[in-house]
Every structure is written in C-alpha cells, then in structure tokens.
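The structure under discussion is supplied below as structure tokens; questions concerning it will follow.
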Ligand SMILES: [Zn+2]
C-alpha cells in the first residue's frame, strides 16, 4: 500500500528531549488504492504524503529473528520479574533502572506491550527494546560496560483519505461497518449538527462522503487526524463542510460559500431538568420578597452538573460575589457577555483572563449565594443590556474573514474536487 520506510541513519536518532518534532517536508498527491470494504461501503484513498524526520530503525522482521527473545507483557509484570524468569542478573537490572530516559517506561511496563531482549555471551543482556506505542520504541544498547538508552520513533505518514458511507439504517451502524470508531462518527455528525438532526432526520439512502487524515506507521493505520471536508447527501440535497483555519484552535467548518457551520453560542450552559425561574423584569424575589428584576434565567440541575461556556471568550470575572455566590462572567468579543452564578465550584484549569472555548466545562452546579436549590442563574448581555437567554436571537458564528476569502475559495475548490470524484 504505502511504502516510505526509507532508512536514514543520519536522522535516525530522535532524542527524548525533543520528541515528535515532525518536520513536514513535502507533499505529494498520489492515488493509492481502491479498497472495497463491504457491499455498501467503498473507501477510496487519495493520499498526501508528509515526510518526517523520524526514522524507523527496528523492524519487526529484525526483531523476530533469533536470537531475540520477545516477551509479551502481562498484567502486573515487572522488569524484575522478567529478569528472574530469563535468568538475567540483578546488576544489569539495576543499571537499566538507573537510566533516566528508560526508567519511566521500565518501571511501568504496560500489559500487552512487547519487550525484546538480546542476550549475548555468558547470558548477559546486550540489547533491550520495548514498544511504547506502535510507532515509538525504547532501545537500550550495551557498549563496553555501559548501557545507553534512547527513544526511537518510526516514521509517521499522514495520508489524506476519502471514504463514502452509505446509510442503510443508522449512521453508526454504517460507519462501524466501514471500520470507523464512534468518536470519529461523533466528530463527523457534530460538523453538521446545526443543519441536520442525525437522531431523527436520517433516511435510508443518505450518504456521507468524508475526507480525513489517517496516520500510518509501518504501513499500519495508527490513528485518525482531522476531518478535512465532508459532504452529507440527504434527499438529493448536499450539505458540504470544509475545515479551514491557520491553527487547530482557530480552524472551523465552513460551507463552500464561507459561512461558518459552527455555533457562536449554546442556548443554555447546562443540561437542566427545568426552568425554575424565567427571565422577568418584575419578579417577586423568592428570598427577599421584594419586586426585583430577574435579569437571567434559573436552570435547575442536580448538584455537581457540569456548566459549559456558552461561547468562546475570555473569563472576565471569577470569584464569589454576594447573592451570586461563586460566579463567572465570560466576555465574547466586544459585544456579548454571559454570566453563570451559584456554582458549587470552579473548574481549576481556568482563571481570570483565561480563554475558553464553547462547550468547555467552567464549573459545576451548586447553590452558593442567594439560592433556594441547586441551579445556574444564567445571564446574557448585549452591549451591557440584559436579554432573555432562552429567547434572544443568537448570533451566527463568524464567516471567513475578508482577508482570507481568496485563499479559502482556492482551498475549498480543491476539497470540493476531492469530494466529487466518484
Ligand atoms: Zn436567577
């Protein structure tokens, strides 16, 4: 299938101090393989190769040749135990365990990983290899009387692949048949979640076409990367999404016209059981018993339910504040701000000034401050004015900025061509 295991001894030593510095050198587009996966699903692969500096030095072929001894790690195996079984001496064990690079791996051998031992004259260990991941090894070599450890990375290849998923019953059934995991399917359906409700709208005969990254090591698929483009055909209508952005953090999915497919705001920050008190300009306060506007909505939820940021933004307030209890304010751009009150606790990874992404958990439901039960008091402000969070017209996510339109158009055109190839 894909072969690019050129050996490069110059660069074969990837030291632990700078792991995974994959320099992307060249891009070639090559048509690889037409693989029929099942009756319904045909996967055709078009590939972009990204060469990297990291190199494979140990092939399984080399390792399976005698006199290597390969040991599959079992639950609770320790190197000490294995050394006893193999009649290896304690002094060597001690030497290996004192190697800074090797120690964290050798102290914590993982079940089902493989350990390879090369034993020389007089039953002394001369070489040890331990598979950390399918593309990463720990290698220890004895030279004179000293052991030297290093981490070796196999060359990883990123392919751009294309798959068509024909839906007969459910999306997950079809996708699982095609060998895609549930998390991949979730990512895929999430792209279109504002356009299609996959739990109810799906019809027999609907079709997904998806262009995505797949990482290979030693010709084996290791893991999936990003979904670069997708097309969903539903009742002869095509929904198309193209991922675009300078960095992973800024990338979003857009229509070919450059409209953002993502949401700018979630309607509510929690999975609530009920609205315990609506937005109301003239409300009798349940504790204070005076007319006081209720400038947010009370969303009742069990104690400890996660509270999500309803949009991307910056934490502008995060503290205790009188009746609000533990409260967070997020500013989203210059116009919008949202407030989340009565939290039991804050998520520890965020602080005042932290950037948050839509959907990230900022805290947990509680009843700190003036509250009669666990709920989130949620406020939505536009230019400082309160609006009913449950009714306010939520703004669309930003389209492709003008300065990037030209570039996006060109890129979208390429992606569309890949999507439309039959
Ligand atoms: Zn309230």
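Would you mind stating whether residue 151 is within 30 Å of residue 204 (Cβ to Cβ), in contact (Cβ under 8 Å) with a residue 60 or more places away in the chain and touching a strand residue (DSSP E or B) at 6+ places or on another chain (Cβ under 8 Å)?
Taking the combined requirement at face value, the residue does not satisfy it.
If I go through region 149-180 residue by residue, how many of them are closer than 18 Å to residue 232 by Cα and within 18 Å of the chain's Cα centre (by Cα)?
Summing the residues that are closer than 18 Å to residue 232 by Cα and within 18 Å of the chain's Cα centre (by Cα) in region 149-180 gives 1.
What about residue 251, is it loosely packed, with under 15 Cβ neighbours inside 10 Å and closer than 30 Å to residue 154 by Cα?
Judged against the criteria, residue 251 is a match.
Among residues belonging to region 394-421 that are part of a loop (DSSP other than H, G, I, E, B) and touching a strand residue (DSSP E or B) at 6+ places or on another chain (Cβ under 9 Å), point out the one that is farthest from residue 265 (Cα to Cα).
Filtering region 394-421 for residues that are part of a loop (DSSP other than H, G, I, E, B) and touching a strand residue (DSSP E or B) at 6+ places or on another chain (Cβ under 9 Å), the one farthest from residue 265 (Cα to Cα) comes out as 421.
Conditions first: (1) in contact with a strand residue (DSSP E or B) (Cβ under 6 Å, 6 or more places away or on another chain); (2) within 22 Å of residue 75 (Cβ to Cβ); (3) modelled with pLDDT of 90 or more. Residue 136 passes all but one, so which condition is the exception?
For residue 136, the exception is condition (3).
Something else about it: Within region 339-381, how many residues turn out to be in a strand (DSSP E or B) and either within 17 Å of residue 314 (Cβ to Cβ) or within 16 Å of the ligand (Cβ to nearest atom) (or both)? Please lay out each step first, then the result.
Going through region 339-381, the residues in a strand (DSSP E or B) turn out to be 339-346, 355-356, 361-366, 375-381.
Now narrow it down to the ones that are either within 17 Å of residue 314 (Cβ to Cβ) or within 16 Å of the ligand (Cβ to nearest atom) (or both): 339-344, 346, 355-356, 361-363, 365-366, 375-381.
Total meeting the criteria: 21.
Right, another one. Could you tell me whether any residue of region 249-260 is within 25 Å of residue 382 (Cβ to Cβ), over 23 Å from the mean Cα position of the chain (by Cα) and at pLDDT 90 or above?
Within region 249-260, one or more residues are within 25 Å of residue 382 (Cβ to Cβ), over 23 Å from the mean Cα position of the chain (by Cα) and at pLDDT 90 or above.
Might you check whether a residue that is within 30 Å of residue 96 (Cα to Cα), outside any strand (DSSP E or B) and touching a residue at least 12 places away in the same chain (Cβ under 8 Å) occurs anywhere in region 193-208?
We begin by selecting, within region 193-208, every residue within 30 Å of residue 96 (Cα to Cα); these are none.
Checked region 193-208: no residue is within 30 Å of residue 96 (Cα to Cα), outside any strand (DSSP E or B) and touching a residue at least 12 places away in the same chain (Cβ under 8 Å).
Could you tell me which residue of region 265-323 is farthest from the ligand (Cβ to nearest atom), considering only residues that are at positive phi and assigned to a loop (DSSP other than H, G, I, E, B)?
Selected residue: 304.
Something else about it: Taking only region 410-422 into account, find how many residues are closer than 25 Å to residue 250 by Cβ and either assigned by TED's automatic domain parsing to the domain that holds residue 296 or without any contact (Cβ under 8 Å) to a residue 24 or more places away in the chain (or both).
Total meeting the criteria: 4.
Another question, if that's okay. Which residue out of 122, 110 is surrounded by fewer than 19 Cβ atoms within 10 Å (Cβ to Cβ), free of Cβ contacts under 8 Å to residues at least 60 places away in the same chain and part of a loop (DSSP other than H, G, I, E, B)?
110
Right, another one. Name the residues in region 286-296 that are touching a residue at least 12 places away in the same chain (Cβ under 8 Å) and farther than 22 Å from residue 337 by Cα, would you?
286, 287, 288
So which of 109, 93 is modelled with pLDDT of 90 or more and either out of contact with any helix residue (DSSP H, G or I) (no Cβ under 7 Å at 6 or more places or on another chain) or within 18 Å of residue 134 (Cβ to Cβ) (or both)?
109
Next question, about the same structure. Please state which one of 124, 103, 144, 155 is more than 30 Å from residue 231 (Cα to Cα), touching a helix residue (DSSP H, G or I) at 6+ places or on another chain (Cβ under 9 Å) and modelled with pLDDT under 90. Talk me through it step by step, then tell me what you get.
Details: 103 fails: modelled with pLDDT under 90; 144 fails: touching a helix residue (DSSP H, G or I) at 6+ places or on another chain (Cβ under 9 Å); 155 fails: touching a helix residue (DSSP H, G or I) at 6+ places or on another chain (Cβ under 9 Å).
On inspection, the qualifying residue turns out to be 124.
Any idea which of 266, 299 is in contact with a strand residue (DSSP E or B) (Cβ under 6 Å, 6 or more places away or on another chain), closer than 30 Å to residue 195 by Cα, touching a residue at least 60 places away in the same chain (Cβ under 8 Å) and surrounded by 13 or more Cβ atoms within 10 Å (Cβ to Cβ)?
Every option except 299 fails the conditions.
The values are calculated or read from the model by the stated rules, or taken from the named source; none is laboratory data. Source: prediction; values computed, not measured. Don't worry about glycine lacking a Cβ; one is built from the backbone with ideal geometry, like all the others, and counts go over all protein chains shown.
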